[in-house]
Structures are given as structure tokens and as C-alpha cells.
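Below: one structure, written as C-alpha cells.
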Amino acid sequence: MRNQADPVDGAVTVRVPAKVNVQLSVGGRRPDGFHDLATVFLAVGLYDRVVAAPAPELRITAEGLGVDGIPLDGTNLAARAAAALAARYGLEPRVHLHIVKDIPVAGGMAGGSADAAAALLACDRLWGLGASAQELRSVGAQLGSDVPFPLLGGAALGTGRGDVLTPLEVGGSFHWVFAVADGGLSTPAVYGECDRLRREGGDGDLAGQVPEPAADPGLVEALRSGDPYALAGCLANDLQAAAVSLRPGLADTLDAGTEAGALAALVSGSGPTCAFLAPDADTAAKIAATLGPAARVALAPAPGATVVD
């Protein structure tokens, strides 16, 4: 254990993006209960901010969208990230993390994972550690499979549990609308429902009974070319049927956005946020107006976690 490093003067603020899974292919249930994934992450321009400041002990505060739904103790994923990074360097996690939420909470857009990623970068700078990007992603992967991607941003293929990342080229900007549903969906519950539906369908839900997940070459090419029409034809989420089964009203939301002009619609991750790909900014605004005040417009790709003034 080395002594606590002298913190950099003042606070460090990190801005971090949400994500949408433009492809989420889920393999069969493994003996450990997890599922192998092939998922294509796309960072989108909805951002949380995490401010790290010197403090006598680890402390979490929050403001903004949906903060009543997040813990403000050591179980918060951002707090766990700070503690994990400190432990790696033999430090005490003496930091006050203030989270400014704008990413939907429990909405399938990795808001909690984004905050953890931001906390890793902010604490690294605050404590003057000089950790590499790969090291921060490695610490993040120990906390959750969605934590490494917000550090990277852009677009990436995630394999394994989604935490082994291969960056992907994106050739243009994509216009998205996100309809935020009231209340979250439990990710374990959605995976459990996916397994149940597979068993009910007669094909089984175990590894070996479900095809191995793999990236769709057409989707990867659509991102590279920047073609929203090609991308629309490739969007896929193996968890969508399970999310709709648990929250049937999502089907109406998906239909409403499509009727308003979306090229394609899907549930974001494990839901319940619904994502709509639009051909242009004007159509995105029309879709958002149709879906009402819970709709958010965003461009993609967005940069990964970034230190800001």
C-alpha cells in the first residue's frame, strides 16, 4: 500500500454518453447463468456528468433526471468504480462524486455504467494516477459488462459478456429519438424472460441449444458507410420480445414512432426505453413531437468519457 497521492487541485468533471445497442445477439444460458453476447454499441449524445472533488471519505450526491431511483451509498456503481480504482493503486477512495443525470435511469441505455466509467476517468485525473485507457477499461469490466464501452465511445462490437470491445468505423451521423418509459425494467428479469420464451418456443435456452451470437456484417457495413436506411434494415435485439412481454405497452410506443416516420424502432438494450432511427433531423423532431414530452432527440456517434472544464 503506498500513501494517498496528492490530489490535483480542484475538481475534475467528466462528461459521458449513453448507448444504444444497434445489435444485441444473446447466446444460450451458460452453466454460470450468464449469456455470451455479440452486441454492437453506439454511443449517443445524451450525457451524464460526474464531478470528482477531494473529500475526507467516499461520498455520493446526485441531481437531475430520475435521481430518486439511484442509490447514494457504496452500492452505487460510480462509488464502486472509485473504490476499485483506489484499491488497485493502494489508496483510500477519498473523493466526493457528484452525478448530474440526464441519461434515463434503468432505461437500457447504460446510465449507471456510464457514471461508473466517468468516475474511473475523473478519479484517475483527480488522484494523478496516469492509468492507461486499457487499464481503466479493465477495471470497468470487473464492475459490469457495460462499463468499458462509455470510456471508448463511438461504436464497438462487444463480445464475451459484452465487455471485450473491438472499435468499429462509423462513416456519418445518425439521428435518433428515445422514448423514455416510466419505471425501469430489471435486466436480470428481462434475460430470465428471454430464457423462458425460448423454452416455451421449444428450442431450449441453454448454450448449445441457441446459435452462437455473432456480429451482422451488413450492420457493420451500414455503420461504416453512414447509411441510415441500410442500418434500419439491420437493427436487432434478442431481448426485445422479453422486454415487450414484461411491459406490453412498449409495443404501442414502437408502433407510434414507426408511424411517425422512423425508419426502424427497437427496444434499447434490456429496455424499457424505445429507440427510433430517423432519416434526418426534421423527421426526428416530428417523431419526438408525436411521442410527447418523454421523447429525447440525440445524434450518434458520440465521443466517449471526456474531461471537460
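General observations
- Within the chain, antiparallel bridges make up roughly 85 percent of the DSSP beta bridges whose residues both belong there.
- With a simple spin-label model that places each label point 7 Å from the Cα along the Cα-to-Cβ direction, the separation between residue 207 and residue 258 comes to 3.4 nm.
- Value of [θ]222 nm, deg cm²/dmol, for the chain, DSSP H segments ≥ 4, -39500 (n - 2.57) each, nearest 500: -9500 deg cm²/dmol
- Between residue 216 and residue 306, the distance separating the two model label sites (each 7 Å from Cα on the Cα→Cβ line) works out to 2.9 nm.
- Using alpha-carbon coordinates, inclination of helix 111-126 to the longest axis of the chain, degrees: 30
- Rg/Rg_ref, region 108-155, where Rg_ref = 2.2 N^0.38 Å and atoms are Cα: 1.06
- In a fully extended conformation the segment linking residue 161 and residue 34 would gain 45.0 nm over its present Cα-Cα distance, using 0.36 nm per residue.
- Rounded tilt (10° steps) of 77-88 against the dominant C-alpha axis of the chain: 50
- Net charge of Cβ neighbours under 14 Å - reference residue 234; Lys, Arg +1; Asp, Glu -1: -3
- Exposure proxy for 286, 101: other Cβ atoms within 10 Å of each Cβ, ordered fewest to most, give 286, 101.
- Cα shape, region 174-300, gyration tensor, a/c 1.5 rule: oblate
- Between residue 227 and residue 102, the contour length at 0.36 nm per residue exceeds the alpha carbon distance by 42.2 nm.
- Pairwise FRET efficiency - residue 173 versus residue 286, Cβ, R0 = 25 Å, nearest 0.05: 0.90
- Span from the region 149-178 Cα centroid across to the region 27-98 one, whole angstrom: 19
- For the chain, the spread of Cα coordinates along the three principal axes comes to 57, 47, 36 Å, biggest extent given first.
Coordinate-derived values only; no laboratory data. Predicted, not measured: the structure shown is a model, and the values here were computed from it. For neighbour counting, all protein chains shown are included, and Cβ atoms are generated from backbone atoms with ideal geometry for every residue, glycine included.
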